[in-house]
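Below: one structure, written as structure tokens.
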Amino acid sequence: MIRPPFAATLTVGVLVIGLAGCGAPPAPVPDVAPPAPPAAAARLPARPAELPLDGLDACAVLTPAQLGGFGLAPVGVREDESDVLGSPACLWDTDTKRTDESRLARLITKRAADYYLANENPVRVVDIAGFPAVETTSPIRPSDQDHCLVLVDVAAGQTLWTQYDALLRDNPGITQQVSCARARDGAAAMVATLRELRKAAN
């Protein structure tokens with residue numbers, strides 16, 4: 001079971017600077033500083049459409065043609081409750097005798113993508129086929145160059161979690177940039193499939 005947790009607490013520092021006009025008497029200093037206003041929650045840009053994940057098969061978000069293009073096995077490994085939120089997921093490995101990479105799709109219907117902006121590892125907001133997404137790494141794998149997450153804001157309160165892993169750790173060609181580029185490619189393919197699935201449902 002794949003359960004990379006995320007830290008959800010943001011620490012906000014407040015710096016107060018007093019300015020006095022030239023020749024004016026100093027302003028009185030209160031004995032107790034007033035409470036700072038609550039920090040605004042970090043938000044992603046607006047999404048162009050709603051692509052709800054409810055009721056979808058996680059293994060259906062990549063088509064046979066897309067799987068073949070990525071060199072992935074035609075059948076993924078399904079897990080109905082892959083995290084503490086009970087999110088369904090699907091994992092595909094490369095379709096070779098010597099597995100060297102995998103891709104994961106997790107359909108999170110109980111948490112918005114904004115949540116992952118608070119990840120303790122560096123985050124970057126990226127565009128995936130017009131949808132805002134958070135690009136980052138798992139806190140339990142902070143220094144791995146062969147791993148990347150792209151968490152797409154596909155619907156209100158829902159996240160398409162996509163993940164790339166290079167499984168051969170002795171591969172000198174794998175860097176964080178390469179891993180994340182491949183994760184973004186996988187995420188874009190999944191979003192394209194989601195569009196088609198939702199179009200067919202309507």
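The length gained by stretching the chain between VAL77 and LYS110 to full extension, at 0.36 nm per residue less their Cα-Cα distance, is 9.7 nm.
Accessible surface computed residue by residue for region 96-140, with neighbouring protein chains in place and a 1.4 Å probe, gives 44 Å² per residue. Here the spin labels are modelled as points 7 Å beyond Cα on the Cα-Cβ line, and at ALA200 and THR175 they lie 3.9 nm apart.
Using only Cα coordinates, the Kirkwood hydrodynamic radius of region 45-97 works out to 12.7 Å.
When the accessible area of region 46-148 is computed with all protein chains present and a 1.4 Å probe, what percentage of it is carbon and sulfur?
Working: 2570 of 4870 Å².
Ligands and nucleic acids excluded, carbon and sulfur give 53 percent.
The values are calculated or read from the model by the stated rules, or taken from the named source; none is laboratory data. Quantities reported herein were computed from a predicted structural model and do not represent experimental measurements. Note that each Cβ is placed from the backbone with ideal geometry, even for glycine, and that neighbours are counted across all protein chains shown. Ligands, DNA and RNA are excluded from the accessible area calculation, which covers all protein heavy atoms including side chains. Shrake-Rupley method; radii C 1.70, N 1.55, O 1.52, S 1.80 Å.
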